[in-house]
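A short write-up of the structure that comes next.
The values are calculated or read from the model by the stated rules, or taken from the named source; none is laboratory data. As the structure is a prediction and not an experimental result, all values here were calculated from the model. Virtual Cβ from ideal backbone geometry, glycine too; neighbours counted across all protein chains shown.
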Amino acid sequence: MVYKNYISGRWVSGLSEETFVKKNPAQIDERIGEFPKSGPRDVNLACQAAKEALPKWKALPFPTRGDIMKRFGDLLTAHKEELAAIETREMGKVLKETRGDVQEGIDTAYYAFGEARRFFGHTVPSELQNKLCLTFRRPIGIAGLISPWNFPVAIPCWKLVPALLSGNTVVFKPSREAPLSATKVVELLLEAGVPEGVVNLVHGSGSIVGEAILSHPDIGVVSFTGSVETGRRIAEVCGKTLKRVSLELGGKNGQIVLADANLELAVEGVLWGAFGTTGQRCTATSRLIVEESIYDRLLSTLEERVKNIKIGNGLNEEIQMGPLVSEKQLAKVKEYIKIGKNEGATLVCGGEQYTEGECAKGYFFKPTIFSDVTPDMRIAKEEIFGPVLSVIRVKNLDEAIKVINGVSYGLSSSIYTQDINKALKARERIEAGITYINGPTIGAECHLPFGGLKDTGNGHREGGWTVYEIFTEIQTVYIDYSGKLQKAQIDTEG
Ligand code: UN1
């Protein structure tokens, strides 16, 4: 099946007519579809359509746009199973997780429906009499949205829904690894009532379509989720035209386990955090930081459990871990196994491709644990984006905090302890945008701010009420009803 771009209210081929093929990572002889290899001229057309559609769209009352988001949520709900299966075939994660991914999109749409009726500004006292001061939030204009493949419905929804509700029109470039889910999301937005030209979908590569979005003068805000390297490039290019940029980049998230923790719970947590989504979340637990007195016990329980993880095609409900998304990711993970071994870490289990039976046809990898990892090793510092966990031994809470903070990222973090004092001290000192106490590093809820410190981003937070700060401009309004000229800072003495 050949899929198309959606520009100016029509499904159209890319102008070059060239396409790329997306395959199923669990079974690489299965084609998901062909998609346009678009270029800058397609982006120009999309921007033109978005520009033309903007005045009418932004003039609608917020609750009217909210009603469309409600219908979108209803449609996602009605198509949940279909979408989950598409996601699993497209990027590999298991059905239970892809259902959760769609649910995150649904929750985001319903949250927006509510938010539409409380798009609050501030009313603020004036320093002068007979004067009213207030603020409004207004759309920026055209939003360029560039989404990753690991949450093929949720993350596009995190971006599309608030951008649209705020009154922006959109040029949307999804990942080449998840183009079908994105196409379905756009179809449902249209069915929900998003008018022509308001959403424009342009498939293709980051280096061509992404770049064209970044440098297009009509785009006012760019929202991107992906690698640090690309994030830096985006900030640099967008700096030239002073676009607003929201970047949600990598992570090297740690879970601390103190000696007093409920170990069963800590093991459950790290299994989910490290190997859920085959470790391909920017919130994945990639370091387990353990107090020395329980280190051996925790490690042997964990090893036992990891060996029992069922690997295979995510469409099978029994399966717990699907494949990596691509050959490129597989090669990257293999490379990190070599790096870990050379650095002197102990390979406890996994460390190689999984090729049993049908799995030989996909990019499967065994869940992997490295122990005796020290904080200076590359496997303890760099984002791997695969099912690889580095276990680090520490003496106490102080050292654990030092280790958890000793990386260039700061997205998610976790601590398992039953000691409330230690938990709260850790909360204060951990440098991350998200901290879980007695829970794993993954599983953020859509109505709370999501994002991180240091190389993880540039200070914005998606999700919750804070995402609306990304997609709106603030207008400050002063209304003087004194009937005379009142000078701020000068005529202030009553
Ligand atoms: C991501 O990996 O980019 O908190 C997003 C979580 C998910 C979102 C992850 N709800 O793990």
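Find the residue count for segment 164-177, including only residues that are under 19 Å from Ile213 (Cα atoms) and crowded, with 24+ Cβ neighbours inside 10 Å.
9
Return the residue satisfying two criteria in turn: it lies in segment 363-399 and is under 29 Å from the mean Cα position of the chain (by Cα) and over 20 Å from Val306 (Cα atoms), and of such residues it is surrounded by the fewest Cβ atoms within 10 Å (Cβ to Cβ).
Asp376
Take segment 290-330 and flag every residue that is within 15 Å of Ala85 (Cα to Cα) and among the acidic types (Asp, Glu).
If the condition is that a residue be within 15 Å of Ala85 (Cα to Cα) and among the acidic types (Asp, Glu), then Glu317, Glu318 are the ones that fit.
Can you name every residue in segment 193-242 that is away from the ligand (no atom under 16 Å from the Cβ), touching a His at 6+ places or on another chain (Cβ under 9 Å) and either at pLDDT below 95 or over 25 Å from Glu34 (Cβ atoms) (or both)?
Passing the criteria: only Thr241.
Out of Gly269, Gly254, Gly273, which single residue is touching a helix residue (DSSP H, G or I) at 6+ places or on another chain (Cβ under 7 Å), buried (at least 21 other Cβ atoms within 10 Å of the Cβ) and within 20 Å of Ile369 (Cα to Cα)?
Unique residue meeting the criteria: Gly254.
For segment 203-213, indicate whether the set of residues that are free of Cβ contacts under 8 Å to residues at least 60 places away in the same chain and either of a type in the set (A, V, I, L, M) or assigned to a loop (DSSP other than H, G, I, E, B) (or both) is non-empty.
no
Against the definition (farther than 30 Å from Ala444 by Cα, more than 26 Å from the chain's Cα centre (by Cα), small (Gly, Ala, Ser) and crowded, with 21+ Cβ neighbours inside 10 Å), how does Ala59 come out, yes or no?
It is false that Ala59 is farther than 30 Å from Ala444 by Cα, more than 26 Å from the chain's Cα centre (by Cα), small (Gly, Ala, Ser) and crowded, with 21+ Cβ neighbours inside 10 Å.
So which of Ile384, Ile319, Ile337, Ile404 is more than 30 Å from Arg31 (Cα to Cα) and either of a type in the set (A, V, I, L, M, F, W, C) or out of contact with any Phe, Trp or Tyr (no Cβ under 6 Å at 6 or more places or on another chain) (or both)?
On inspection, the qualifying residue turns out to be Ile404.
Within segment 125-142, is even one residue modelled with pLDDT of 95 or more, buried (at least 24 other Cβ atoms within 10 Å of the Cβ) and either in the same structural domain as Pro179 (by TED's automatic domain parsing) or out of contact with any helix residue (DSSP H, G or I) (no Cβ under 6 Å at 6 or more places or on another chain) (or both)?
Among the residues of segment 125-142, at least one is modelled with pLDDT of 95 or more, buried (at least 24 other Cβ atoms within 10 Å of the Cβ) and either in the same structural domain as Pro179 (by TED's automatic domain parsing) or out of contact with any helix residue (DSSP H, G or I) (no Cβ under 6 Å at 6 or more places or on another chain) (or both), which makes the answer yes.
Quick one: in segment 21-53, which of the residues that are touching a Phe, Trp or Tyr at 6+ places or on another chain (Cβ under 6 Å) and surrounded by fewer than 21 Cβ atoms within 10 Å (Cβ to Cβ) is nearest to Thr183 (Cα to Cα)? Before you say what the answer is, go through the steps one by one.
Initial filter on segment 21-53 (touching a Phe, Trp or Tyr at 6+ places or on another chain (Cβ under 6 Å)): 25, 33, 35, 37.
Filter again for surrounded by fewer than 21 Cβ atoms within 10 Å (Cβ to Cβ), leaving 33, 37.
Values: Gly33: 11, Lys37: 14 Å.
Only one residue fits best here, namely Gly33.
For Gln489, state whether it is assigned to a loop (DSSP other than H, G, I, E, B) and either surrounded by fewer than 14 Cβ atoms within 10 Å (Cβ to Cβ) or not hydroxyl-bearing (Ser, Thr, Tyr) (or both).
yes
I'm trying to understand the selection: among the residues of segment 165-184, which are away from the ligand (no atom under 15 Å from the Cβ), farther than 18 Å from Val467 by Cβ and part of a loop (DSSP other than H, G, I, E, B)?
Across segment 165-184, the qualifying residue is only Arg176.
Looking at Ile434, Ile474, Ile420 in this structure, which one is surrounded by 15 or more Cβ atoms within 10 Å (Cβ to Cβ) and β-branched (Val, Ile, Thr)? Outline the logic, then answer.
Numbers: Ile474 fails: surrounded by 15 or more Cβ atoms within 10 Å (Cβ to Cβ); Ile420 fails: surrounded by 15 or more Cβ atoms within 10 Å (Cβ to Cβ).
Going through Ile434, Ile474, Ile420 in turn, the sole match is Ile434.
Which of the residues spanning segment 75-111 are away from the ligand (no atom under 15 Å from the Cβ), charged (D, E, K, R) and surrounded by 19 or more Cβ atoms within 10 Å (Cβ to Cβ)?
Residues satisfying the conditions are Arg89, Glu90.
How many residues does segment 411-435 contain that are within 16 Å of the ligand (Cβ to nearest atom) and free of Cβ contacts under 8 Å to residues at least 60 places away in the same chain?
As a first pass, look at segment 411-435 and keep what is within 16 Å of the ligand (Cβ to nearest atom): 411-414, 432-435.
This time we only want the ones that are free of Cβ contacts under 8 Å to residues at least 60 places away in the same chain, so: 433, 435.
Qualifying residue count for the region: 2.
Need the failing condition index for Glu17 against (1) buried (at least 17 other Cβ atoms within 10 Å of the Cβ); (2) over 30 Å from Thr355 (Cα atoms), just the number.
Just one mismatch for Glu17, condition (1).
What are the residues in segment 233-243 that are part of a helix (DSSP H, G or I) and either among the hydrophobic types (A, V, I, L, M, F, W, C) or not assigned by TED's automatic domain parsing to the domain that holds Gly144 (or both), if any?
Ile234, Ala235, Val237, Cys238 - these are the residues of segment 233-243 that are part of a helix (DSSP H, G or I) and either among the hydrophobic types (A, V, I, L, M, F, W, C) or not assigned by TED's automatic domain parsing to the domain that holds Gly144 (or both).
Taking the stated definitions as given, is Pro162 at pLDDT 95 or above, within 16 Å of the ligand (Cβ to nearest atom) and farther than 28 Å from Lys328 by Cβ?
yes
Quick one: would you say Gly386 is outside any helix (DSSP H, G or I) and not assigned by TED's automatic domain parsing to the domain that holds Lys366?
no
Scan segment 382-390 and give yes if some residue there is at pLDDT 95 or above, of a type in the set (Asp, Glu), within 12 Å of the ligand (Cβ to nearest atom) and touching a Lys or Arg at 6+ places or on another chain (Cβ under 6 Å), otherwise no. Steps first, please.
Restricting attention to segment 382-390, the residues satisfying the condition of being at pLDDT 95 or above are 382-390.
So of that shortlist, the ones also of a type in the set (Asp, Glu) come out as 382-383.
Retained after the next criterion (residues that are within 12 Å of the ligand (Cβ to nearest atom)): 383.
From the residues that got through so far, the ones that are touching a Lys or Arg at 6+ places or on another chain (Cβ under 6 Å) too are 383.
Scanning segment 382-390 turns up at least one residue that is at pLDDT 95 or above, of a type in the set (Asp, Glu), within 12 Å of the ligand (Cβ to nearest atom) and touching a Lys or Arg at 6+ places or on another chain (Cβ under 6 Å).
Under 7 Å between Cβ atoms, which residue pairs at least 6 apart in sequence (or on different chains) link something in segment 110-138 that is over 15 Å from Thr466 (Cα atoms) with a partner that is among the basic types (Lys, Arg) and surrounded by 14 or more Cβ atoms within 10 Å (Cβ to Cβ)?
Between residues of segment 110-138 that are over 15 Å from Thr466 (Cα atoms) and residues that are among the basic types (Lys, Arg) and surrounded by 14 or more Cβ atoms within 10 Å (Cβ to Cβ), the close pairs are Tyr110/Lys70; Phe113/Lys70.
Here are the criteria: (1) of a type in the set (Phe, Trp, Tyr); (2) within 17 Å of Val186 (Cβ to Cβ); (3) touching a Lys or Arg at 6+ places or on another chain (Cβ under 6 Å). Tell me which single one Phe35 does not satisfy.
(3)
Given the structure, is Glu445 in the same structural domain as Val257 (by TED's automatic domain parsing) and of a type in the set (Asp, Glu)?
Against the criterion (in the same structural domain as Val257 (by TED's automatic domain parsing) and of a type in the set (Asp, Glu)), Glu445 does not qualify.
Tally time: how many residues in segment 449-470 are of a type outside the set (Phe, Trp, Tyr) and not in a loop (DSSP other than H, G, I, E, B)?
7
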